1. Which whole-number percent is the relative contact order of the chain (Cα, under 8 Å, 6+ apart)?
2. Sorted from fewest to most neighbouring beta carbons within 10 Å, what does the list 138, 58, 132, 184 look like?
3. Please give, to one decimal in nm, the separation of the simple spin-label points placed at residue 79 and residue 133, each 7 Å out from Cα toward the Cβ.
4. Stretch residue 4-residue 16 to full length: gain in nm at 0.36 nm per residue minus the Cα-Cα span?
5. What angle do you read, to the nearest 10 degrees and between 0 and 90, between the alpha-carbon axis of helix 173-191 and the longest principal axis of the chain?
6. Per q in 0.15, 0.18, 0.19 1/Å, what log10 I(q)/I(0) does a Debye calculation on the alpha-carbon atoms of the chain return?
7. Given a Förster distance of 41 angstrom, what is the FRET efficiency for residue 142 paired with residue 99, based on the Cβ-Cβ distance and rounded to 0.05?
8. Can you compute the FRET efficiency between residue 192 and residue 115 using 1/(1 + (r/R0)^6), with r the Cβ-Cβ distance and R0 = 25 Å? Round to the nearest 0.05.
Amino acid sequence: MDWNFVFFFNSILLGIGLAMDAFSVSLANGLNEPGMRPRKMCMAAGIFGIFQGLMPLIGWFCVHTVVEHFAAFGAAIPWIALALLGWIGGKMLYEGIKCSDGSCEITRVTFVGLLVQGVATSIDALSVGFTIAEHTLIMAVVAASIIAAVTFGICLAGLYIGKKAGTKLAGKAGIFGGIILIVIGLEIFITSWF
């Protein structure tokens, strides 16, 4: 692979494709926490970007070192994503239903919660390491950086859209956010089998 337009274009497309789950989770986070401050929005988008960029690099490393061990782990990826997103989404859904009359305080997503979401939405990106296997290490790092930057921008947009909609939806936002996370977990799980 050479340093050309196709390399950069493919990296951007990979970033867009990989960011869709993180965008949906960002949308749910914005719905759930319409008062999220810009600093926290940047932190959340940054966490998603870091994980989306890091996972393909880990996959690239696995291809070049321990590919036989990675293949065994690949079957567990959809189960891990389903469990993590189902747990977070179920909790959000439960709290949204319990507090649908607006009597409860808004549950803010914590740093640890963002880390769990980052892992859950990016774990399937490990397999992208196979698609960039022909890259040199420097090219893989550049591709991962592009993926991270694209994910950051897309997640910021998701948070902003979710915040705007969350302000309008008030008490129902937690319910919608929880449903979105559960559906994303199911989508990752179901599509991995087909």
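1. Across the chain, relative contact order equals 51 percent.
2. Sorted ascending by nearby Cβ count, the order is 138, 58, 132, 184.
3. Here the modelled spin labels are 2.4 nm apart.
4. Length difference between fully extended and current span is 2.4 nm.
5. 30
6. The Cα Debye sum returns log10 ratios of -0.85, -1.12, -1.21.
7. It comes to 0.35.
8. 0.65
Values in this text are rule-based calculations from the coordinates and carry no lab data. All figures in this text were calculated on a predicted structure; none of them were measured in a lab. Neighbour counts are summed over all protein chains in view; Cβ atoms, including those assigned to glycine, are modelled from backbone coordinates with ideal geometry.
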